[in-house]
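The structure under discussion appears below in the form of structure tokens.
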Amino acid sequence: MILIKEGSVYIMNTNKDKLKYISVRIETIDEFSRKPKCIGSGVIYKTKSDYDYVFTAAHVVNNINKIQIRYLNIEDKEETLIISEKDISIHKSYIPNKSNNLENKPPQYDIAVIKCCKIQTKIISYMLRKITEVNYGEKIEFLGFPSGQEQSDSLFNLSYLHSKNNVYVDKDTKVKRFNYRIGDDISINTSDRNEELEGLSGMGLFTCQNRQLELIGIHSFGVNNNTNNNICSSMMIELVEEICVDNRWEKPKFSNQISGNFKTCLDYFFAEINDANLKNVMYELVHKNRNEIVSQSFCGNSKMCEFGPHPHNCDIFINNLFILLCILKSINVNVDINKPMIKIGEKEINIKYVCSEGDNVKGRVSIKDFVRSIKTDYLNRVKVEDNSLIIWNCKNNTSKDKGCLKSSFHNIVGDLMEELIREYDFDILKGNLHPNQITIMHIDEFKDFLYEKSSIDIIPWLNDKLV
């Protein structure tokens with residue numbers, strides 16, 4: 001294992017190494033042997049306050065006396081921390097399972113937060129990620145402590161269970177639970193998986209975006225017969241935020257949360273825009289809450305994008321989004337910037353802003369690369385109405401053909417269809433639900449227009465493109 005120390009943060013060469021330092025084994029003292037007994041797993045979350053959290057499953061710590069957590073300290077040695085009952089907060093809606101049939105009567109809101117003193121371990125940073133941002137089949141990684149291996153002499157070298165080939169299956173947002181399939185990279189006894197999985201209850205489930213770990217859930221249980229199919233159930237990580245809010249504790253940070261306004265966009269704005277009307281509008285918008293706007297469905301990204309589900313972390317995305325908002329505000333002072341549209345004659349045109357480097361690009365990014373991307377990604381995730389205007393953006397250089405009228409969009413899709421079916425296993429039935437008439441323009445087309453003309457001329461210019 002290679003460790004590189006930057007200040008107090010250790011950078012490790014694999015996620016498995018990182019997970020070893022944020023995963024804990026939760027124990028109680030056996031009343032007969034007086035030895036530690038594994039009752040579950042948990043995951044450490046470092047706060048900016050004078051305390052830390054351990055997230056786990058509620059059934060692991062509910063009504064259990066003499067709890068301690070075992071973890072690796074800064075010196076790579078095992079250490080234990082006694083947990084007081086008053087520092088354990090179980091979700092207020094928790095309903096335990098009171099039967100042997102987990103499939104029909106699973107526990108509800110099976111999640112808990114342990115508030116404890118600062119844990120002296122290597123600082124591994126990660127954020128929380130909402131399950132609504134996770135795609136079907138996306139890889140999930142975990143590290144936990146199965147009860148069957150608790151007698152190992154060296155806990156963290158021999159007795160943990162690590163897997164990175166698990167996949168997200170489906171979710172039930174009503175009870176904030178989701179299912180995932182255990183990968184084939186671990187060996188679990190097929191005769192009684194639930195028993196073997198007991199110690200894994202409470203472990204963290206992570207995805208990895210751009211080498212950044214993101215916690216999406218806490219393992220709860222394997223579902224009886226479904227466990228034989230490697231299907232397990234997890235509580236959505238949003239539930240820990242609810243616990244922290246109820247207790248007035250520091251809220252954990254989600255990866256899609258953005259703080260602040262658009263002040264960081266000003267230098268780029270003044271370098272790109274010299275229109276007096278837009279500058280006046282800019283002063284009205286610069287203090288708007290970025291998080292409220294970026295969280296709306298009108299803006300997003302499509303493959304390929306190095307920022308995955310978090311395009312707001314890209315300066316190009318945010319800077320040009322701000323310019324677009326100023327343009328839309330200059331066209332209509334009453335525009336709803338959370339769900340913008342423009343009016344051309346009697347028609348209302350919905351606006352979408354999408355960042356993408358195109359898909360299967362062989363040179364400069366072209367309109368064909370962008371259409372290929374949204375047909376295989378964005379349009380499968382986001383509802384776009386016919387006759388909408390998609391304004392796209394990218395970091396890399398674009399070819400001259402970077403936009404298309406709605407009459408041309410259908411032709412481009414037709415030219416791509418054989419390739420989509422052959423190379424992308426394109427679902428024709430799902431594709432038939434996509435809009436057939438979309439106008440696509442690159443944000444640079446707007447900036448080039450404003451370089452030559454005024455913002456008051458934008459509507460007649462757009463009218464020629466959108467009619």
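The values are calculated or read from the model by the stated rules, or taken from the named source; none is laboratory data. Here the structure is a predicted model, which is why all the values come from computation and not from measurement. Positions of Cβ are backbone-derived with ideal geometry, glycine not excepted, and every protein chain shown enters the neighbour counts.
Points worth noting:
- Positions within the stretch 359-380 being under 22 Å from Glu133 (Cβ atoms), free of Cβ contacts under 8 Å to residues at least 60 places away in the same chain and of a type outside the set (A, V, I, L, M), in sequence order: Asp359, Lys375, Asn380
- Of all residues in the stretch 431-467 being closer than 23 Å to Asn319 by Cα and of a type in the set (Val, Ile, Thr), the one that is surrounded by the fewest Cβ atoms within 10 Å (Cβ to Cβ): Ile456
- When Ser297 is tested against (1) in a helix (DSSP H, G or I); (2) polar (S, T, N, Q); (3) closer than 25 Å to Thr207 by Cα, only condition (1) is not met.
- Subset of the stretch 78-123 (residues that are in a loop (DSSP other than H, G, I, E, B), of a type in the set (A, V, I, L, M, F, W, C), in contact with a helix residue (DSSP H, G or I) (Cβ under 6 Å, 6 or more places away or on another chain) and modelled with pLDDT of 85 or more): Ile111
- Residue that is more than 22 Å from Cys355 (Cβ to Cβ) and in contact (Cβ under 8 Å) with a residue 12 or more places away in the chain, where the choices are Asp464, Asp386, Asp457: Asp386
- Any hit, the stretch 324-343, residues being touching a residue at least 24 places away in the same chain (Cβ under 8 Å) and within 18 Å of the chain's Cα centre (by Cα): no
- Note on the stretch 231-280: residues that are buried (at least 18 other Cβ atoms within 10 Å of the Cβ), within 30 Å of Asp448 (Cβ to Cβ) and small (Gly, Ala, Ser) total 0.
- Tally, over the stretch 424-454, of residues that are over 21 Å from Val382 (Cβ atoms), free of Cβ contacts under 8 Å to residues at least 40 places away in the same chain and acidic (Asp, Glu): 2
- The stretch 322-375, subset surrounded by fewer than 20 Cβ atoms within 10 Å (Cβ to Cβ), modelled with pLDDT of 90 or more and touching a Ser or Thr at 6+ places or on another chain (Cβ under 6 Å), residue farthest from Val286 (Cα to Cα): Ser366
- Members of the stretch 67-78 found to be within 16 Å of Lys46 (Cβ to Cβ) and either without any contact (Cβ under 8 Å) to a residue 12 or more places away in the chain or more than 32 Å from the chain's Cα centre (by Cα) (or both), listed by number: none
- Matching residues in the stretch 29-51 - criterion: being small (Gly, Ala, Ser) and surrounded by fewer than 15 Cβ atoms within 10 Å (Cβ to Cβ): Ser33, Ser49
- Any pair with Cβ under 6 angstrom, 6 or more apart, that starts in the stretch 14-42 at a residue that is assigned by TED's automatic domain parsing to the domain that holds Tyr160 and ends at one that is buried (at least 24 other Cβ atoms within 10 Å of the Cβ) and assigned to a loop (DSSP other than H, G, I, E, B): Arg25/Phe145; Cys38/Phe145; Gly40/Ser201; Gly40/Gly202; Ser41/Phe145; Ser41/Gly202; Ser41/Met203; Gly42/Gly202
- Test for Asn436: is it outside any helix (DSSP H, G or I), more than 29 Å from the chain's Cα centre (by Cα), closer than 26 Å to Ile344 by Cβ and not basic (Lys, Arg): yes
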